[in-house]
Amino acid sequence: MESALKIFSIDAMILVQGVGNLSREHLTGWKNQSAKIAVIHPDTESAEKEARKLNGVIDFEFTAEESPGKKKKQPAEILKKVIEESRVSPKKAALVSEDPGFISGARRMGLALVIGIRQQIPGRRNLYDRGAHLVLERLEDISVYRGGDTECSFTQNLPNVFTDLNKFETPFSDRKPVFFLDYDGTLAPIVRDPSSAFLPEQTRVLLKSLARLYTVAVVSGRDMDDIKQFIGLDQLIYAGSHGFRISGPGGLYMEHEKARTLLSELDRFEQHLRKTVGKEIDGVEVERKYFAIAVHYRNAPPKTLDRIREEADHLIGCNSDFKKGRGKKILEIKPSLEWHKGKAVEWILKKLDYSDPEQYIPVYIGDDVTDEDAFRTLSDDGIGILVGTHSIPSAAHYQLRDVEQVNKFLHYMVHSA
């Protein structure tokens, strides 16, 4: 059974750049859900060819060339014209396109949802790098539902790993998997007190067995030493603070050099947050990580986040060395560096000489919005598995329902090897 993940609601205008993969049924289905449809043809010949399919279905029609045989307009110019003539705000519009130029142009214009279509896996990461919120193999993987007189909800459908194990396992026939897993919400249930997020013994046994067969890494926003203590298995690789600090068997070790220079400033931020939101708001917990500060507000009153943001903005100010990050009921202050869980995964693969996509296939499993960096990084040459759901489009290929089903997956991988 596929799990639906609601990702956006907009007063919908759907811009379709190229309609080669769209059936009339697709367009009619979207139209029936209150969506206005604008189609951008690559040229006049394509517009004439698709005329019968589009008749009576679309609201606006444009071509990318000035006139037959003339030079094509730039994507940004075309998108601007579409938005102006349709009189729809970019913040209430979505784009579906295979073209990297239109993807990046739509993001610069601030469209609410930008969907890339890529039927072949190589090239998906390029569309993500260009700014796509979501890259799909098939348009069937996203649904449009009416949510009011003018509102449409876009729902992403991710297949569960166990719905088609044969398809999931196909890449393993000639490539060896390398496993990367988040901790909270993936290996251990999310709990009210972060210091009590203990690893179930059954999961520890499965990880130990899996590590006898394959390379296994845990990639977490938690501090690396905390993760080591929770899991207690020397065979694993540990990447803490979203990968700013990594250690593993055989002397594997890395600390992000630039991030080290910011530790004293993080000390100052920590003291300030403990004296302000840490004391002023019941239920708020300030956690110092090696390369970040996390403010947990799961147990705090509603609307606490606004106050925490205010203090974080005050601390960071115009300091470009730091940025805010979000997780599940967490706000973080961390180094504003081009480094994240996806970069950490790439570093580990390269360091262990596992970067050859013809020999190894990385499998990343996580539940948090911060895991999306890893999913996007592996969108061409790996497998991303989202645990549960979250509030943004996911670059994962598959889904597992919850921590219990992650355990079932680990058990399957151990006993099917």
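The values are calculated or read from the model by the stated rules, or taken from the named source; none is laboratory data. Model, not experiment: these values are computed from the prediction. Cβ atoms come from the backbone with ideal geometry, glycine included; neighbour counts cover every protein chain shown.
For the stretch 365-397, the set of residues classified as crowded, with 22+ Cβ neighbours inside 10 Å and farther than 18 Å from Gly325 by Cβ consists of Ile365, Leu378, Ser379, Gly382, Gly384, Ile385, Leu386, Val387, Ala396, His397, listed by residue number.
A Cβ distance below 8 Å, combined with a sequence gap of six or more or placement on separate chains, defines the contacts here; from the stretch 122-143, residues that are over 15 Å from Glu25 (Cβ atoms) reach residues that are part of a helix (DSSP H, G or I) and among the hydroxyl-bearing types (Ser, Thr, Tyr) in the pairs Arg125/Thr377; Arg130/Ser104; Gly131/Ser104; Val135/Tyr128. Take the stretch 278-295 and flag every residue that is out of contact with any helix residue (DSSP H, G or I) (no Cβ under 6 Å at 6 or more places or on another chain) and within 27 Å of Lys341 (Cβ to Cβ). Listed by number, the residues that qualify are Gly278, Glu285, Glu287, Ala294.
Would you please list the contacts, defined by Cβ atoms under 6 Å and residues six or more apart or on different chains, that run from a residue in the stretch 93-104 that is under 16 Å from Lys72 (Cα atoms) to a residue that is not aliphatic (A, V, I, L, M)? Qualifying pairs under 6 Å: Asp99/Gln17; Pro100/Arg130; Gly101/Pro75; Phe102/Gln17; Phe102/Pro75.
Of all residues assigned to the stretch 269-277, at least one qualifies as being farther than 23 Å from Lys341 by Cβ and either surrounded by 21 or more Cβ atoms within 10 Å (Cβ to Cβ) or not assigned by TED's automatic domain parsing to the domain that holds Pro301 (or both). Among residues of the stretch 398-411 being of a type outside the set (Val, Ile, Thr), touching a residue at least 12 places away in the same chain (Cβ under 8 Å) and in a helix (DSSP H, G or I), the one that is farthest from Thr215 (Cα to Cα) is Gln405.
Let's see how each residue does on (1) part of a helix (DSSP H, G or I); (2) buried (at least 24 other Cβ atoms within 10 Å of the Cβ); (3) among the hydrophobic types (A, V, I, L, M, F, W, C); (4) under 19 Å from the mean Cα position of the chain (by Cα):
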residue: Ile78; (1), (2), (3), (4): yes, no, yes, no
residue: Lys81; (1), (2), (3), (4): yes, no, no, no
residue: Leu95; (1), (2), (3), (4): no, yes, yes, yes
residue: Phe102; (1), (2), (3), (4): yes, yes, yes, no
residue: Gly105; (1), (2), (3), (4): yes, yes, no, no
residue: Val114; (1), (2), (3), (4): no, yes, yes, yes
residue: Leu127; (1), (2), (3), (4): yes, yes, yes, yes
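Confirm whether Leu207 is part of a helix (DSSP H, G or I) and within 17 Å of Asp182 (Cα to Cα). Spelling it out, Leu207 is indeed part of a helix (DSSP H, G or I) and within 17 Å of Asp182 (Cα to Cα).
Quick grid of which residues meet (1) closer than 25 Å to Lys329 by Cβ; (2) not assigned by TED's automatic domain parsing to the domain that holds Ala294; (3) not polar (S, T, N, Q):
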residue	(1), (2), (3)
Ala197	yes, yes, yes
Pro200	yes, yes, yes
Arg204	no, yes, yes
Gln229	yes, yes, no
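Name the single residue, out of those in the stretch 151-165 being polar (S, T, N, Q) and over 13 Å from Tyr398 (Cα atoms), that is modelled with the highest pLDDT. It would help to see each step written out before you state the result.
First, the residues of the stretch 151-165 that are polar (S, T, N, Q): 153, 155-157, 160, 163.
From the residues that got through so far, the ones that are over 13 Å from Tyr398 (Cα atoms) too are 153, 155.
Working: Ser153: 74, Thr155: 80.
So the residue we want is Thr155.
When Ala294 is tested against (1) closer than 21 Å to Ala188 by Cβ; (2) in the same structural domain as Phe180 (by TED's automatic domain parsing); (3) in contact (Cβ under 8 Å) with a residue 60 or more places away in the chain; (4) not aromatic (Phe, Trp, Tyr), just one condition goes unmet, and that condition is (2).
Of a type outside the set (Phe, Trp, Tyr), in contact with a Ser or Thr (Cβ under 8 Å, 6 or more places away or on another chain) and at pLDDT below 95: does that describe Val387? Taking the combined requirement at face value, the residue does not satisfy it.
Please pick out the residue among Ala395, Ala344 that is at negative phi and part of a helix (DSSP H, G or I). So that I can check it myself, show each step before the final result.
On the way: Ala395 fails: part of a helix (DSSP H, G or I).
Just one listed residue meets the conditions, Ala344.
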